[in-house]
Structure formats: C-alpha cells, structure tokens
1. Only one of these conditions is not met by Leu201: (1) of a type outside the set (Gly, Ala, Ser); (2) more than 30 Å from His109 (Cβ to Cβ); (3) open to solvent by less than 60 Å² (accessible area, probe 1.4 Å). Which number is it?
2. Taking strands (runs of 3 or more DSSP E) that do not extend beyond the stretch 5-86, which have at least 2 residues that are touching a Leu at 6+ places or on another chain (Cβ under 9 Å) and acidic (Asp, Glu)?
3. Can you tell me which residues in the stretch 151-175 are within 16 Å of Gly215 (Cβ to Cβ) and part of a helix (DSSP H, G or I)?
4. What's the number of the only condition in (1) surrounded by fewer than 17 Cβ atoms within 10 Å (Cβ to Cβ); (2) of a type outside the set (Gly, Ala, Ser); (3) in contact with a Leu (Cβ under 8 Å, 6 or more places away or on another chain); (4) part of a loop (DSSP other than H, G, I, E, B) that Lys208 fails to meet?
5. Between a residue in the stretch 12-26 that is farther than 19 Å from Met1 by Cα and any residue that is among the acidic types (Asp, Glu) and open to solvent by less than 60 Å² (accessible area, probe 1.4 Å), which pairs come within a Cβ distance under 7 Å, given they are 6 or more apart or on different chains?
6. For the stretch 243-252, state whether one or more residues are in contact with a Pro (Cβ under 7 Å, 6 or more places away or on another chain), at pLDDT 90 or above and either among the acidic types (Asp, Glu) or surrounded by 18 or more Cβ atoms within 10 Å (Cβ to Cβ) (or both).
7. Test Arg235 against the stated conditions and say whether it is touching a helix residue (DSSP H, G or I) at 6+ places or on another chain (Cβ under 6 Å), more than 24 Å from Ile97 (Cβ to Cβ) and part of a helix (DSSP H, G or I).
8. Do we find that Met1 is at pLDDT below 95 and open to solvent by 70 Å² or more (accessible area, probe 1.4 Å) in this structure?
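The values are calculated or read from the model by the stated rules, or taken from the named source; none is laboratory data. All values reported here derive from a predicted model rather than from experimental measurement. Cβ placement follows ideal geometry from the backbone for every residue including glycine, while neighbour counts extend to all protein chains displayed. With ligands, DNA and RNA removed, areas are computed over all heavy atoms of the protein, side chains included. Shrake-Rupley method; radii C 1.70, N 1.55, O 1.52, S 1.80 Å.
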Amino acid sequence: MKRLLFVDDEPNLLAGLRRMLRSERKEWEMDFVEGGEEALARLDQKQTDVVISDMRMPRMNGAEFLNQVQQRQPATARICLSGFSDGALILRGLGSIHQYLNKPCESGHLIATLRHILQAAARLPAELHERLCALTCLPVARATLQKLKTVLALEEPCLHEVGRLASLDLGMSCRLLQLVHSGFFGTPRHVESVEDACRLLGVAKLKKLVDLPDGFSTQEVDQEWLAGLGRGADRVSRANFRLAQERGLSQRECDYSRLAGTLQGLPELACTACGWPAVVNEAGLFLIRLWGLPEGVYDASHRPEVGFDLPGIASIQTQSIANRASA
C-alpha cells in the first residue's frame with residue numbers, strides 16, 4: 001500500500017483533507033501531521049511515497065521542510081499545497097518542490113494528481129525512480145544560459161528573444177513549463193509554447209530564476225549533444241504543431257501537440273542527468289506527471305503527430321550515457 005503524508009499547521013485543514021480523501025483509504029495509507037518537525041519524525045520511521053505540505057507554517061516553513069524531505073528520502077514525490085504565494089520563499093524551495101497546488105484544491109484534482117504520480121512511478125525501476133525524484137533540475141547548455149543572462153541584463157530585455165533561446169534548450173524549456181503549468185506563481189495557466197511560458201513569467205521572475213542555484217543546472221554533460229537535443233526538440237515541436245493544424249485539431253490540442261514535441265527528448269535528457277545507463281521512455285512520462293503538466297500533454301506524448309527521430313539520433317543512441325559526461 002502506498003504511503004502519503006499530509007503536513008499543515010491548521011488542524012481544520014488537515015481534517016478537511018482527511019474527509020476529502022476518505023474514499024482512498026483502502027488504497028493509500030495516509031498520515032495527517034501538524035508541522036514540519038513532527039512530519040520529519042514520521043518520515044524517519046517509514047518510507048513515504050508522496051509528501052503534500054503547506055508552505056506557510058511556523059518554526060519550519062514548507063520550503064525548509066521539503067528540503068529536508070529531499071535529503072532524507074530522495075525517492076519521495078514532494079508537493080506543496082498552499083494558498084501562500086510569496087514568490088521569494090517559493091523560489092528558495094524550487095529545487096525541492098516537484099509540483100505546487102493552490103488552495104482550495106478540488107478533491108477530484110488532488111486525487112487525480114496523486115494517482116497519476118503513483119501510477120507513473122510504478123512503471124519505473126525503483127532506483128531510477130529515486131534518481132529522478134532526487135533531481136533538482138535538468139541540465140541546460142552553458143552557452144544558452146549565458147546568452148539568456150546577457151539578454152535579461154539589458155535595460156529593456158526582449159521577451160521574444162528570451163523565448164527563442166529557451167525553446168532551443170530542452171532543460172530550460174522543461175523548467176519553464178513546470179513553473180507555469182503548476183501553481184508556483186498563482187493559478188496555473190494554459191501555455192501555448194515555451195515562448196508563451198516566458199511571457200507569462202515575465203522579466204522580473206526570469207531574472208531571479210537564472211541567478212538561483214536550483215533555477216537552471218549546468219551539470220557537466222556533453223555540451224554539443226545537449227545543444228543538439230534542444231535544437232531537435234524545437235524542430236519536432238514546430239512540426240507537431242503544423243501537422244496538428246493540418247489535421248483540424250482544436251487550438252488547445254495543437255498546443256498540446258507542440259509541447260509534446262518540445263518534450264520528446266525528455267526521457268533521454270532525464271536518464272542522462274541522473275546517470276542511468278539506458279534511455280527509459282517512462283522516465284519522461286513520469287516527470288510530466290510529477291511536474292503537473294496537463295493531461296493533454298501527457299496524452300500527446302503517447303501519440304505524437306510525428307516520429308521521434310532526430311537528425312543524428314542514430315549516432316547519439318550508439319553512445320552510452322556515461323560517455324556524455326564531460327570534464
């Protein structure tokens with residue numbers, strides 16, 4: 001039986017969650033705990049599959065608590081469920097929060113979110129699942145990050161140029177889509193593209209993001225391979241969108257097809273980032289659900305409008321992932 005831990009300093013809110021999730025008690029073992037200190041004591045007693053924590057709590061806030069969870073139980077999915085929207089505090093906990101849900105959260109949405117994460121996790125080898133949960137962010141190309149910082153440092157940064165740069169880097173695209181689709185900075189919004197995600201976040205948040213240790217990672221991987229993966233994903237994204245339009249899909253379905261194309265290299269990037277010796281497609285699908293991306297993106301990732309072949313992919317696949325690390 002899967003174990004879930006809910007943490008909040010308000011007893012009434014915990015009681016409401018208990019009532020909301022009563023229908024799931026035969027499938028999940030659930031603990032409801034007041035405050036981070038007691039929750040950490042519970043974690044020391046038993047492995048937990050998902051932790052759902054408030055952000056604004058006395059003595060130990062949600063960001064501090066989830067950082068501790070990450071260190072003690074790296075295989076645990078970490079969700080923040082809060083009505084608190086202090087951007088600075090949220091950004092400090094960015095590396096330890098997989099998904100941010102806003103209060104009040106409808107019972108159906110909360111239950112579906114938890115089920116999707118647990119179902120996707122069950123398809124992974126246990127060790128790969130732990131490594132993916134332990135990732136604070138995916139690697140980005142150093143050159144792209146430097147260009148992004150240069151543009152944002154201008155007196156009047158061009159968001160179109162910021163979006164163009166971000167769309168050519170898969171790790172950067174993933175981080176931006178995670179932030180906008182989840183509730184990190186208010187109500188989640190429908191996103192048409194990576195460029196649209198940049199526009200919705202705005203210059204001020206993007207400037208803070210590029211300076212955070214857990215904002216973007218410049219993990220040592222083969223930079224040429226990383227840049228090529230991003231360029232290829234951008235091409236597939238654009239091709240997906242055109243084909244979806246030609247097939248007469250709705251605007252939202254076309255957007256989901258485009259985003260699925262953006263993420264088509266996610267399994268390869270994720271497995272490389274966590275040092276897994278082979279590409280596991282389910283790794284990408286797990287992260288899509290862990291980050292709270294829309295079900296339309298998840299479905300389109302199963303049924304992309306075009307194939308996953310990229311120029312040069314055959315030569316890339318002949319390399320072991322370990323050989324992509326660069327000194």
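1. (2)
2. Working: elements: 28-33, 50-53, 77-82.
Output list reads 28-33.
3. Answer for the stretch 151-175, where residues must be within 16 Å of Gly215 (Cβ to Cβ) and part of a helix (DSSP H, G or I): Val151, Leu152, Val162, Leu165, Ala166, Leu170, Gly171, Met172, Ser173, Cys174, Arg175.
4. (4)
5. Matching pairs, first to second residue: Leu14/Asp8.
6. Looking only at the stretch 243-252, we keep the residues that are in contact with a Pro (Cβ under 7 Å, 6 or more places away or on another chain), and these are none.
For the stretch 243-252, residues in contact with a Pro (Cβ under 7 Å, 6 or more places away or on another chain), at pLDDT 90 or above and either among the acidic types (Asp, Glu) or surrounded by 18 or more Cβ atoms within 10 Å (Cβ to Cβ) (or both): absent.
7. Numbers: touching a helix residue (DSSP H, G or I) at 6+ places or on another chain (Cβ under 6 Å): no; more than 24 Å from Ile97 (Cβ to Cβ): yes; part of a helix (DSSP H, G or I): yes.
Considered against the rule, which asks whether it is touching a helix residue (DSSP H, G or I) at 6+ places or on another chain (Cβ under 6 Å), more than 24 Å from Ile97 (Cβ to Cβ) and part of a helix (DSSP H, G or I), Arg235 comes out as no.
8. Details: at pLDDT below 95: yes; open to solvent by 70 Å² or more (accessible area, probe 1.4 Å): yes.
When the stated conditions are applied, Met1 passes them.
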